[in-house]
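Take a look at the structure set out below.
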Amino acid sequence: RDTALSVYEAFDQPVSCGGSPPAAGATVYSDDMESGVNGWVVTGLWHQTSRRAASGAKSWWFGQEATGHYSTGARASGTLTSPPITVPAATKAILEWDQFFKGEGFNRNYPLGPSGSDPYLNYDSGWIQVSRDGGSSWDTLTTLAHNTDGTTFDSHKVDLSRYAGSTILVRFLFDTLDSESNLAEGWYIDNVRVRRLLSGTPALSVTPAALAFSASAGGANPTAQSLAVANLDGGVMNWTATASSSGWLAVSPPSGS
């Protein structure tokens with residue numbers, strides 16, 4: 001009755017149905033926490049530590065070096081917010097991270113009014129949140145409150161495909177909600193990555209979607225502009241670009257793979 005169950009979106013068809021997990025594409029963002037702050041913004045007890053790490057020597061930790069726990073005598077909360085991450089348009093993407101979590105656990109019953117109590121309402125929890133408007137508003141992707149078994153970090157992943165084409169912030173929020181039973185070790189975050197997933201079907205991307213040209217008063221040719229043509233998924237895609245016959249517009253190169 002006190003076992004926590006976390007449900008995550010899957011991207012693969014079961015093997016019994018002829019499917020297989022998709023291959024991971026290019027890494028859009030990655031930080032192994034070994035080279036400093038790197039644009040992360042923190043509040044509360046979040047800080048870099050060498051106490052535990054999934055790999056290397058460092059991770060981010062919501063806890064106190066002096067005591068080894070997050071009890072402050074009052075409600076404790078804080079956020080670990082990533083630098084801006086641009087998720088490519090028209091693509092599937094996942095957020096991955098490694099964590100070690102030791103909180104209050106699921107072994108307490110909290111009163112929920114006259115109807116009784118709920119053994120699964122946990123007060124010391126973590127939230128994974130995403131903002132696409134620079135932090136003005138936040139979407140909660142998942143909530144984490146189950147403790148890590150043993151001494152090794154767990155690997156987690158969450159779908160970010162809904163944010164394709166957006167520049168996002170990723171936030172790890174920890175909140176005890178009260179001042180009681182806060183003597184656990186806390187929450188460690190390491191190896192945060194955003195990666196694309198490959199389905200095996202080519203997907204053409206052209207950036208920017210439109211170009212504007214302006215001729216000078218003296219009749220000189222407009223300044224040349226560039227388009228980035230990319231295949232966001234798997235397989236090989238051949239492309240061609242055709243210019244009009246007006247005489248003033250030229251495209252180079254006219255094709256590629």
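The values are calculated or read from the model by the stated rules, or taken from the named source; none is laboratory data. None of these values were measured; they are calculated from a predicted model. Here Cβ is always computed from backbone atoms with ideal geometry, including for glycine, and neighbour counts include all displayed protein chains. For the accessible areas, the whole protein counts, side chains as well, though only heavy atoms, and no ligand, DNA or RNA atoms are used. Shrake-Rupley method; radii C 1.70, N 1.55, O 1.52, S 1.80 Å.
Taking region 2-48, which residues are under 30 Å from Gly105 (Cβ atoms), open to solvent by 50 Å² or more (accessible area, probe 1.4 Å), modelled with pLDDT of 80 or more and not in a strand (DSSP E or B)?
Once the filter is applied, which keeps residues that are under 30 Å from Gly105 (Cβ atoms), open to solvent by 50 Å² or more (accessible area, probe 1.4 Å), modelled with pLDDT of 80 or more and not in a strand (DSSP E or B), region 2-48 yields Asp32, Thr43, Gly44.
Testing Thr140 on (1) under 27 Å from Leu197 (Cα atoms); (2) hydroxyl-bearing (Ser, Thr, Tyr); (3) in contact (Cβ under 8 Å) with a residue 24 or more places away in the chain, one condition comes back false. Which one is that?
For Thr140, the failing item is (3).
Can you name the condition, by its number, that Gly247 falls short on among (1) open to solvent by less than 60 Å² (accessible area, probe 1.4 Å); (2) at pLDDT below 80; (3) of a type outside the set (S, T, N, Q)?
Looking at each condition in turn, Gly247 falls short on (1).
Taking region 76-94 as the search range and keeping residues that are of a type outside the set (Gly, Ala, Ser) and outside any strand (DSSP E or B), which one is most open to solvent (accessible area, probe 1.4 Å)? Break it down stepwise before answering.
Keep residues of region 76-94 that are of a type outside the set (Gly, Ala, Ser), which gives 79-81, 83-88, 91-92, 94.
Filter once more, so that each one left must be outside any strand (DSSP E or B): 83-84, 87-88, 91.
Details: Pro83: 21, Pro84: 96, Val87: 2, Pro88: 33, Thr91: 15 Å².
Selected residue: Pro84.
Tell me yes or no: at least one residue of region 95-106 is in a loop (DSSP other than H, G, I, E, B), surrounded by 19 or more Cβ atoms within 10 Å (Cβ to Cβ) and modelled with pLDDT under 95. Before the answer, list the steps.
Taking region 95-106 first, the residues in a loop (DSSP other than H, G, I, E, B) are 103-106.
Now narrow it down to the ones that are surrounded by 19 or more Cβ atoms within 10 Å (Cβ to Cβ): 103-104.
Going one step further and asking which of them are modelled with pLDDT under 95, we end up with 103-104.
Looking for residues that are in a loop (DSSP other than H, G, I, E, B), surrounded by 19 or more Cβ atoms within 10 Å (Cβ to Cβ) and modelled with pLDDT under 95, one finds at least one in region 95-106, hence yes.
Count, please, the residues in region 120-137 that happen to be part of a strand (DSSP E or B) and free of Cβ contacts under 8 Å to residues at least 60 places away in the same chain. Outline the logic, then answer.
As a first pass, look at region 120-137 and keep what is part of a strand (DSSP E or B): 125-131.
So of that shortlist, the ones also free of Cβ contacts under 8 Å to residues at least 60 places away in the same chain come out as 125, 127-131.
Counting residues in region 120-137 that are part of a strand (DSSP E or B) and free of Cβ contacts under 8 Å to residues at least 60 places away in the same chain gives 6.
So, Gly73, is that one surrounded by fewer than 16 Cβ atoms within 10 Å (Cβ to Cβ) and not β-branched (Val, Ile, Thr) or not?
Taking the combined requirement at face value, the residue satisfies it.
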